[in-house]
1. For the chain, give the magnitude of the charge dipole about the Cα centre (Cβ charges: +1 Lys/Arg, -1 Asp/Glu; no others), in debye to the nearest 20.
2. For segment 434-442, in order, what is each residue's ³J(HN,Hα) by Karplus, 6.51 cos²θ - 1.76 cosθ + 1.60 with θ = phi - 60°, in whole Hz (x at glycine and Pro)?
3. Take every Cα pair under 8 Å in segment 322-476 that's 6+ residues apart, average their separations, divide by the length, and report that relative contact order as a whole percent.
4. State, as an integer percentage, the relative contact order of the chain based on alpha-carbon contacts under 8 Å between residues 6 or more apart.
5. Can you pick out the pairs among Lys72/Lys608; Lys522/Lys552; Lys108/Lys314; Lys85/Lys304 whose Cα atoms lie more than 26 Å from each other?
6. Apply the Debye scattering formula to segment 421-533, with a single equal point scatterer on each alpha-carbon and no solvent, then give log10 I(q)/I(0) at q = 0.21, 0.22 Å⁻¹.
7. Just how far, in whole angstrom, is segment 85-115 from segment 409-464 if you go by their alpha carbon centroids?
8. What list of ³J(HN,Hα) values in whole Hz, one per residue of segment 303-312 in order, does the Karplus curve 6.51 cos²θ - 1.76 cosθ + 1.60 (θ = phi - 60°) give from phi, with Gly and Pro shown as x?
Amino acid sequence: MSQRPDTPLLDTIATPQDLRRIDRSRLRQLSDELRTEMIDAVGSTGGHLGSGLGVVELTVAIHYVFNTPDDKLIWDVGHQAYPHKILTGRRDRIRTLRQGGGLSGFTKRSESEYDPFGAAHSSTSISAGLGFAVANKLNDRPGKAIAVIGDGAMSAGMAYEAMNNAEQAGNRLIVILNDNDMSIAPPVGGLSAYLARMVSSSEYMGLRSLASRISKKLSRRVHSGLEKAEEYTRGMVTGGTLFEELGFYYVGPIDGHDLDHLIPVLENVRDSEQGPILVHVVTKKGKGYGPAEDSADKYHGVAKFDVITGEQKKSSGGPPAYQNVFGDTLAKLAETDPRICAITAAMPSGTGVDRFAKAHPERAFDVGIAEQHGVTFAAGLAAQGMRPFAAIYSTFLQRAYDQVVHDVAIQNLPVRFAIDRAGLVGADGATHAGAFDVTYLASLPNFVVMAAADEAELVHMTYTAAEYDMGPIAFRYPRGAGVGVPLPETPEKLEIGKGRVVREGSKIALLSLGTRLHEALKAADQLEAKGLSTTVADMRFAKPLDTALIEKLMRTHEVVVTIEEAAIGGLGAHVLTFASDEGLTDAGLKIRTMRLPDLFQDHDDPAKQYDEARLNAPHIVETVLKALRHNSAGVAEARA
């Protein structure tokens, strides 16, 4: 491929096929241009930065060596896939990342044929890659499956479950362990690069295969002994004995930023008859961008920022973030209660547990990407008299649902679940939305389920959960800043299963659960302006229901509307069930439920997402007016 000397190489790349026509000596230049393009794009959109910077050379090398999209490249989690998106026909849209109608911040099957598997939750890549590899094997197709997984994602049991079953894929499965935290790798350099190239070479593997065939002619005991001797000798020199025990041929560690080391090893692995193979690559998160390299979190997730200075354009001041309110409240409660402890699954700052950990380090536990273990660990703590708080995002708690049911609910253990990121989450989209927790928790016997309407209510609910020892209790709250109400100096212990009326009326009753309360109050103002006297209740509890309050409002109001930022099966379903069981709908009462729509909503600005979900004040007013018109028509028809 020829181009003018002053033409940036990246401008000549529309697909990986174009990349493979470039002279290998120019791949360093391409990598530098790709890194610059990514920094500029994320500077204008915000998003995940450090992880993508760390895999620029690896991304170039994989697409250069393998025949994507016929070879299936699967990025674990996917937040490091921005360079991949730029190289696979999406550069013209890269500045739409995480915006409404734009590119997803993760891999997405509907977005490109180069995204064979959607991701956003961690530690799924090896299982998915195994599926692709075995499908190719069963159908006698030549394609490989390449799973790129980070060292953090390897803390999840699912990764090892997949590796334990990977032998059947043979040489069609390649796992690339992207070690960007130096948590696994010994030092890398010229010797380890030479050894990696040597043990992945066809000559070495051929000799190894020949030795294996010869040893098989010997007794089973001698054959097994020789095989183990070779494995452990190589493991002592290069590392990787654990992966060998799981059935993988280990290669590495190698420098993930040195293309002269990467490409020959990947070519050897591509052409090998051994398998499955794990290639251990060491990279530096934030590589090539000073502010990211110098940051403690390597600029993992950033707001829009100035590319020159690295300064992020975050809004200053304003109400505190919900997770910080939770973390600070829990830390304060723990000063006088030595039984309180906090558990997070690799999200200490995202859940506010980092604030608790600063005050009480011996009672803060980060279990890694292991929500299942975290929940059962909390159950064990509770069974031994502690007061554990499992602070987990709603979307990630889904991964531990069996443990919630079996290890917590059935045993009625007082585990406290602090459920962050409830409701819609904006730029992270469907994969991170907290849509289902009310439904999947309120259906369980023994559970108490609360939802905070604002940051002051979150303080009260944290304290209420700490003091509740009768069984499991959960409280949910959204992503982002609070609404600006003053925080109470002294928390209030809420009465379990009791809501509160925040506005008195006589004709319309709005029953809100969670932070839609403020939209309900706006709707009440608009309804009052139309002459419709409106009651607004903050239900506080999805379970147990405040049945006395619900019955009173249903008997004294013409229209009752439930409002929640949760999927079908939550508050509205429980209220309808109660009303039906008690015969409260027999007198012409109109009940309407407002909830998240029955679909996975794409990423967008949160306000726009709630408009799409029809959960803002105008939609509440419209729902009430439609119910009234329906009621009036029904009465007129009955009289006729």
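Coordinate-derived values only; no laboratory data. Predicted, not measured: the structure shown is a model, and the values here were computed from it. No Cβ is skipped: glycine too gets one built from the backbone with ideal geometry, and neighbour counts run over all protein chains shown.
1. That gives the chain a dipole magnitude of about 820 debye.
2. Rounded to whole hertz, the list is x, 8, 10, 5, 4, 5, 7, 9, 5.
3. Across segment 322-476, relative contact order equals 23 percent.
4. Here the relative contact order equals 11 percent.
5. Over 26 Å apart, Cα to Cα: Lys72/Lys608; Lys108/Lys314.
6. Once normalised to I(0) and log-transformed, intensities are -1.25, -1.30.
7. Between the Cα centres of segment 409-464 and segment 85-115 lies a distance of 31 Å.
8. Coupling constants for segment 303-312: 7, 4, 8, 7, 5, 6, 9, x, 5, 7 Hz.
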